[in-house]
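A quick write-up on the structure given underneath.
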Amino acid sequence: MRRRARHRYRPAAVMLYAVLIGLLLSSYVSPLRQIFVDRSEISSLQQSLAHLRERNTRLTDQARSLQTPSGIERAARERYGMIKPGEKVYILRERGGEK
């Protein structure tokens, strides 16, 4: 009789195991999908990182040059139109802007 009782519960146990395995597998779907999405973003993020590193290098060089008197003078002339006393300034117009 014991043998029959175990046999009688076997389909229910198999069904229970199948449900548990299904739940486990479904819990892995979302993280796996996110892994694939993240992997596809890696190359664009690496490219962005390379551009940011180049920009950081340029800005660091620019900051170093602004710590010297000649760098400060160059920046003042380029950005703010600084002239020294006695210098003559010539303003050139572009041809495309005239009518």
| message | Anything in segment 56-99 that is of a type in the set (D, E) and open to solvent by less than 90 Å² (accessible area, probe 1.4 Å)? List them, or say none. | response | D61, E73, E87
| request: Scan segment 49-67 and report the pairs whose first residue is part of a helix (DSSP H, G or I) and whose second residue is of a type in the set (V, I, T), with Cβ atoms within less than 9 Å and a gap of 6+ or a chain change. | output: S65/I72
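Just checking, how many residues over segment 9-34 are among the β-branched types (V, I, T) and exposed (fewer than 10 other Cβ atoms within 10 Å of the Cβ)? Write out each step before concluding.
Our first condition is that a residue be among the β-branched types (V, I, T); within segment 9-34, this holds for 14, 19, 21, 29.
Checking the rest, the ones that are also exposed (fewer than 10 other Cβ atoms within 10 Å of the Cβ) come to 29.
Of the residues in that region, 1 qualify.
The values are calculated or read from the model by the stated rules, or taken from the named source; none is laboratory data. Because the structure is a prediction, the values reported are computed rather than measured. Don't worry about glycine lacking a Cβ; one is built from the backbone with ideal geometry, like all the others, and counts go over all protein chains shown. SASA here: full protein model, heavy atoms, side chains in, ligands and nucleic acids out. Shrake-Rupley method; radii C 1.70, N 1.55, O 1.52, S 1.80 Å.
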